[in-house]
Structures are given as C-alpha cells and as structure tokens.
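Values in this text are rule-based calculations from the coordinates and carry no lab data. No experiment lies behind these values; they were computed from the predicted model shown. Cβ placement follows ideal geometry from the backbone for every residue including glycine, while neighbour counts extend to all protein chains displayed.
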Amino acid sequence: MTKKVAVLAVNPVNGAGLFQYLEAFYENGIQYKTFAVAETAQIKTNSGIGLQTDDAVASLKGREDEYDALVFACGDAIPKFGENAGKQYNQDMLAVIKTFNDKGKIMVGHCAAALMFDSAGVGKGRKTALHPFIKNVVKGCIGTDEKTVIDGNIYTAQTENSISILLPELLKALK
C-alpha cells in the first residue's frame, strides 16, 4: 500500500518545484493533500499565478498521523518567513515539521527546506543539500554542496532543478 503525503506550499510557492512533486505523486498513485503555509488555502506562485490548495497548514496540526510523509515545497520562503516568522501559520508550519520528524516520518524538501527543518529544530546533525544562498544561515544541519541528500528520514534537494534526481528514491520509499 502506498503512503499518503502532506505537501506544505509556502506563499508564494515555486510552481516548478511544487508541480514536480505533485505530478510524480499523481503519476505513481501516491495520495497527497496540499496545505498552504498561509492564513487561507489560496496562495500564489513566485510568478503570480493563483493556486487553490486543499487546505491551510493550521488544519494539518494535530492530524499528522493521517500522513506518512511531509513535503516542504519552497518558494520565497527565506524572505517571507523572515517577514512573517511570528505569524500563526508559520508557527503551525514549524510545529507540523517537528511533529512529523518526531514521529520518524519521511521529510522532503528543496531550496530552503533545510532552513525550515533547522528552524523547527529537527535538522541538527543531519546532512542536507543546501541552496547556495542559505549556507551561512543554517546552523544545525550539516550542509553540503550535493544536488540531493538522503539522511535517514530527511530527503533534500538543493534547488527545484535537482528535485528530479531525488524523486526516484523518494518514490521507492513511498510505495
């Protein structure tokens, strides 16, 4: 039986990254649900295209047991997180990330995912693929220049351009 995936999409999200995950899950019969890291389920891509996710991240809190894996789909996460770190939806996102990790579930992400994992306190001592722009910001994760890294339950891709390298291993884990 395939696993069920919760996909966190920041606002604005990188559509190229998000849709690689969603298409791979759809094409491989893996159930998923999208959650906006925002106050509502409506978000935009970095290019301004409006998207309707299935729900907002607040509704995922407390329902982590319904899912086997968590994907962090990046976008303008670094500046937007910095501007809105205290907002409830960002606090909910960090709590959800921590809960998924504490339960040993698969954690996936690209670009700033290592920064979010680090901020949630789940990446300490874990090897991750880092976007070149966040090397000096991530403190707890062991950042690498590798395109993709799998360290236990944490799967990371450096950018949306390397998600395709990570997907075959992720799909094996989800089937």
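Report, in listed order, any pair from Lys80/Lys127; Lys4/Lys124; Lys33/Lys139; Lys33/Lys105 with a Cα-Cα distance greater than 23 Å. Result: Lys80/Lys127; Lys4/Lys124; Lys33/Lys139 exceed 23 Å.
Scoring 78-85, 122-129, 107-114 by mean Cβ neighbours within 10 Å over their residues and listing the highest first yields 107-114, 122-129, 78-85. Taking every Cα-Cα distance in the chain and sorting them into 5 Å bins from zero, the calculated P(r) comes out as 2, 9, 20, 24, 23, 15, 5, 0, 0 percent. Which of Ile154, Ile30, Ile106 moves most in a GNM of the chain, Cα contacts under 10 Å? In the Gaussian network model the winner is Ile30. In region 55-144, the C-alpha radius of gyration followed by the widest Cα-Cα span (Dmax) gives 12.4, 35 angstrom. Listed by chain and number, the aspartates and glutamates whose C-alpha is less than 15 Å from the C-alpha of Lys147, apart from same-chain residues fewer than 8 away, are Glu160, Glu169.
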